[in-house]
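Peer 1: My questions all concern the structure below.
Each reported figure results from applying straightforward, stated rules to the coordinates on display, with no laboratory input. Values in this document were obtained by computation on a predicted structure and should not be read as measured data. Cβ coordinates were reconstructed from backbone atoms using ideal geometry, including for glycine residues, and neighbour counts include every protein chain displayed.
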Amino acid sequence: MLALSKLLQWLPRKIGKVIAILCFLLVIDIFVVVVLRYLFDTPSVMLQEAGMWMHSIIFMLGAAYTFSYDEHVRVDIFYGGNSPRYKAWVDILGSVFLLLPLCGYLFINSWQYVLSSWNISETSAEVGGLPALYILKSLLLILPLLLSLQALATILKNTAFLQGHLPNQTETGVEL
């Protein structure tokens, strides 16, 4: 169970490490946009859109990475101050009854939207904007897939902990 859990979270964690580089590039992009606009009075739509794209990519691909390290926001009244066993149950039930259905809903409802964008080879509506907007919109399908992988890894990891196969635990939950 633990080997499968590690395998399932391998992709979200690898993607997350690449996303860290994108964060740095986003800061540089925003700096250049501001300098061009306010010092040289030459705004760049392409650079502005690149910043929006990077922000979208960081959020959409970084969500599963954050979840894999148990660093996402929680409702403390259901989680904080409770035993590791209780937290494991909350993680399992939250993944099964909240996260996985949400991922399914997002994937199903985004499918036609993304497909339509690919069919027309959608580009930016702005003059001088970025081409291939359909690639960015594809993240609406990748996000729920990555989150589903991580949810399954979380379920397996916490089940192993509850069965006594995983003795390591942290203050915020179970750690591999």
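Peer 1: Taking the chain as the reference, fit the longest principal axis to its C-alpha atoms, fit the long axis of helix 84-94 to the helix C-alpha atoms, and give the angle between the two in degrees, 0 to 90, nearest 10.
Peer 2: Tilt of helix 84-94: around 50 degrees.
Peer 1: To continue, here is another question. In the Gaussian network model of the chain, springs joining C-alpha atoms below 10 Å, which of Asn158, Asn119, Asn82 carries the largest mean-square fluctuation?
Peer 2: For the chain, modelled as a Gaussian network with Cα springs under 10 Å, the answer is Asn119.
Peer 1: Now for a separate question. At a Förster radius of 30 Å, what calculated FRET efficiency corresponds to the Cβ-Cβ distance of His165 and Leu47, to the nearest 0.05?
Peer 2: Numbers: r = 50 Å, r/R0 = 1.68.
With a Förster radius of 30 Å, E is 0.05.
Peer 1: Another one. Taking K and R as +1 and D and E as -1, what net charge do the other residues with C-beta under 15 Å from the C-beta of Glu122 add up to?
Peer 2: Details: positive: Lys137; negative: Glu49, Glu126.
Summing Lys/Arg as +1 and Asp/Glu as -1 gives -1.
Peer 1: Enter the per residue convex hull volume of the stretch 2-174, computed from alpha-carbon coordinates, in Å³ rounded to the nearest integer. Walk me through the numbers on the way to the answer.
Peer 2: Details: hull volume 23.3 nm³, N = 173.
Per-residue hull volume (Cα only) is 135 Å³.
Peer 1: While we're looking at this one, here's another question. Tell me the angle of helix 2-38 to the major Cα principal axis of the chain, expressed in degrees between 0 and 90 and rounded to the nearest ten.
Peer 2: Helix 2-38 sits roughly 30 degrees off the main axis of the chain.
Peer 1: Determine, for Lys14, Lys157, Lys6, the number of other Cβ atoms within 10 Å of each Cβ, and report the residues in order from fewest to most.
Peer 2: Working: Lys14 11, Lys157 28, Lys6 14.
By the 10 Å Cβ count, ascending, the order reads Lys14, Lys6, Lys157.
Peer 1: Can you give me the angle between helix 139-162 and the longest principal axis of the chain, using Cα atoms only, in degrees from 0 to 90, rounded to the nearest 10?
Peer 2: For 139-162 against the chain, the angle is about 20 degrees.
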